[in-house]
Amino acid sequence: MNARFVSIIALLLVLFGSWLYLEYENASNYQAKLNDLAELPIYAYVADTTKVAPIMAELKNLPAIKSMVHETAAQAATELIKAYGLPLNEDMIADYSFPDIITINLLPIDKAIEAKALILSALRAQIHEDDIDSQASAYSNITQELSTISKRNIVFHVFAGILLLLLFVFSRLSYELHLLLLYQGKRHSIVDKIRHRRQGVQHTWLMLLIPLPLCFIAYFAFVLLKPLPQLIPYWVFITQFAAAFIGTLITHFTLHTFEHDVAYNENPVQIVEPPAPEELT
């Protein structure tokens with residue numbers, strides 16, 4: 001391998017690595033927003049204590065729920081007094097009627113967004129809408145931010161995939177055409193031609209098996225050693241491999257066409273016309 005081909009490998013390594021790095025940053029931002037959603041619990045105020053058990057039983061069957069905490073009216077009132085330092089005691093609030101509170105915390109995952117609609121539907125079937133505090137305004141703002149991040153991420157991957165595919169193909173074709181022009185006009189033996197063909201196949205495999213696998217190995221090494229959590233979805237790795245594989249196929253067939261054209265120019269086919277009938281007599 002000469003310096004020019006090594007520079008192509010290094011360029012692809014940097015670009016694939018940058019793609020993974022930027023995707024990790026996007027995934028970290030997305031996960032941070034999911035964590036913000038998980039910090040917005042749903043509060044259900046149940047005045048009729050006979051409904052607490054059925055509500056808890058139904059909610060346990062729903063997905064993406066991290067925890068459910070039931071507090072009786074007395075417990076809720078006592079914690080409220082302590083939290084806000086109110087000048088009250090248990091005897092002073094004994095004559096007041098407070099509802100029981102069910103606090104529902106969701107997991108910081110995508111499925112929690114869909115699960116929240118199911119949770120609210122189950123609660124509305126048992127208690128009035130005014131007795132449910134879903135923190136809808138804050139929740140809606142964060143879900144809109146998540147939607148924006150997802151759309152931008154799709155655009156980024158499309159752009160990155162096309163860019164890497166074009167660089168993958170044209171950097172290799174430029175290199176091979178450089179070699180073709182460099183050796184044009186020189187006489188080569190059959191052994192030289194076979195060696196050059198093998199070298200081309202070797203370059204094709206090296207471009208496919210060095211830059212992208214090294215990036216994968218480096219990323220999963222960090223993940224397995226636990227300095228980084230696994231945040232990048234696996235479809236991103238499939239997208240990167242697809243870009244490299246498609247680029248390899250395009251390069252292979254294009255270079256194969258070049259080889260046939262060069263072979264034809266070196267040994268052009270001569271068409272010999274048959275003699276006219278009068279010349280045979």
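The values are calculated or read from the model by the stated rules, or taken from the named source; none is laboratory data. On a predicted model such as this, the values are computed, not experimentally measured, just so you know. All Cβ positions, glycine included, derive from the backbone under ideal geometry; neighbour counts span all protein chains shown. For accessibility, only protein heavy atoms count, side chains too; no ligands or nucleic acids. Shrake-Rupley method; radii C 1.70, N 1.55, O 1.52, S 1.80 Å.
Within the range 1-45, report the chymotrypsin sites (Phe, Trp or Tyr not before Pro) that DSSP leaves as loop and that have at most 16 other Cβ atoms within 10 Å. List each step's numbers first, then the result.
Numbers: sites: PHE5, PHE16, TRP19, TYR21, TYR24, TYR30, TYR43, TYR45; in loops: none.
Loop-located and lightly packed - none at all.
Taking 0.36 nm per residue of separation and subtracting the Cα-Cα distance, what length does fully extending VAL6 through ALA136 add?
Values: separation 130, 0.36 × 130 = 46.80 nm, distance 5.50 nm.
Full extension of this stretch gives 41.3 nm more.
Label points 7 Å out from Cα along the Cβ direction at LYS151 and ALA218: separation in nm?
With each label point 7 Å from Cα toward Cβ, the separation is 3.3 nm.
Return the loop-located trypsin sites (Lys or Arg not before Pro) in the range 18-66 (DSSP other than H, G, I, E, B) with at most 14 other Cβ atoms within 10 Å of their own Cβ; answer none if there are none. Before the final figure, lay out each step's value.
Details: sites: LYS33, LYS51, LYS60, LYS66; in loops: LYS60.
Qualifying residues, ordered by number: LYS60.
P(r) tail for the range 1-65, what percent of Cα pairs lie past 16 Å?
Summing the P(r) of the range 1-65 above 16 Å gives 71 percent of all pairs.
Arrange the peptides 135-144, 164-173 so that the one whose residues have, on average, the most other Cβ atoms within 10 Å appears first.
Values: 135-144: 13.1, 164-173: 18.4.
The most tightly packed comes first, giving 164-173, 135-144.
Could you tell me the center-to-center distance, by alpha carbons, between the range 199-215 and the range 1-59 in angstrom?
32
For ILE246 and ALA57 in one chain, what is 0.36 nm times their gap in residues minus the Cα-Cα distance, to one decimal in nm? Write down the numbers at each step before the final one.
Working: separation 189, 0.36 × 189 = 68.04 nm, distance 5.19 nm.
Value of the extension gain: 62.8 nm.
Keeping every protein chain present and rolling a 1.4 Å probe, give me the accessible area per residue for the range 115-171 in Å². Intermediate values should be presented prior to the final figure.
Values: 3230 Å² over 57 residues.
I get 57 Å² per residue for this part.
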